[in-house]
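Trainee: The structure's right below; bear with me while I get my questions together.
Bear in mind that the values in this text are calculations on the coordinates, not laboratory data. Only a predicted model underlies this, so the values are computations on that prediction, with no experimental measurement involved. For neighbour counting, all protein chains shown are included, and Cβ atoms are generated from backbone atoms with ideal geometry for every residue, glycine included.
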Amino acid sequence: MKKKLSDSLKAKKIIKIFSFLLIPFGFALPALLPYLIIIFLFVHIIFPPQKTKFIRLQASLPTSKARSVAMGLAEIEGKLVLHEPLMSPIDQKPCIGYRYEIQTVHREKGGKTHHHTISEKMECNHFSIEDETGRIKVIPEEMEWVWIPEENSVFDDEGKRHVQYLLKEGDKMLIVGNVTLNEQEPTITKHPLKKVFWNNSK
């Protein structure tokens, strides 16, 4: 599955574009400052950070049980069940899905380290989430990962950092998405109107 740009990345791109356009007008920056603040607030209202969106939505939804979940937007918590494994890119471990990033590393004089992602790849097979009442199939196309911990990282000969995040059999997760019937089987996908579909590590 190819990952689309997250809302937070879109917001950063918009801010960079405005910053670039304003470079020739640096002398007028004090006069433009109120407008820049308005633009910044507008971007964050339209594209709020991914984690903030998740927290707001999760707080408004009760946690449903797999057996009794209603159709529509829902929150399910349980353990992940693997259907068909993928192999992780760094160490070839079987997994449900992975996000793989290549990062440049910048170290400041004070010792602080910054990582900048220059490429990423995301793949995830269909899986299920299971609680004590049953299980629901998950079709993960366009699913966003929130607070999924780093699984492993290595450095190559050029000093670039390779890092992977994995979804594995038995991981405890909370998923927010759209519950529908797919061939008479409850299935979680991305909501067509609210455009939300998240999972996070609990």
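Trainee: Quick check on the exposure proxy: order THR113, THR133 from fewest to most C-beta atoms within 10 angstrom.
Mentor: THR113, THR133
Trainee: Using only the Cα atoms of segment 141-190, build the gyration tensor, take square roots of its eigenvalues as a ≥ b ≥ c, and label the shape rounded, prolate or oblate: rounded if a/c is under 1.5, else prolate if a/b is larger than b/c, else oblate.
Mentor: Judged from the Cα gyration tensor, segment 141-190 comes out prolate (a/c at least 1.5, a/b above b/c).
Trainee: In straight Cα distance, which aspartates and glutamates are under 18 Å from LYS190, not counting same-chain residues fewer than 8 positions off?
Mentor: Leaving aside aspartates and glutamates fewer than 8 places away in the same chain, those within reach of LYS190 are ASP7, GLU75, GLU77, GLU123, GLU141, GLU142, GLU144.
Trainee: Roughly what would the spin-label model give for LEU61 and ILE102, points 7 Å off Cα along C-beta, in nm?
Mentor: 3.5 nm
Trainee: Modelling each spin label as a point 7 Å along the Cα-to-Cβ direction, I'd like the PHE155/THR117 distance in nm, to one decimal.
Mentor: Those two pseudo-labels are separated by 2.2 nm.
Trainee: Further question on the same structure: Extension gain SER68-GLU169, at 0.36 nm per residue separation less the Cα-Cα distance, in nm?
Mentor: 34.0 nm
Trainee: At what distance in nm do the modelled label points of MET87 and ASN182 sit from each other, each positioned 7 Å from its Cα along Cα→Cβ?
Mentor: 2.6 nm
Trainee: What is the distance in Å between the Cα centres of segment 148-194 and segment 72-92?
Mentor: Cα centroid to Cα centroid, the span is 6 Å.
Trainee: Is segment 49-201 rounded, prolate or oblate when judged by the Cα gyration tensor, a ≥ b ≥ c being the square roots of its eigenvalues, rounded requiring a/c under 1.5 and prolate requiring a/b larger than b/c?
Mentor: Taking the square roots of the gyration eigenvalues as a ≥ b ≥ c, segment 49-201 is prolate.
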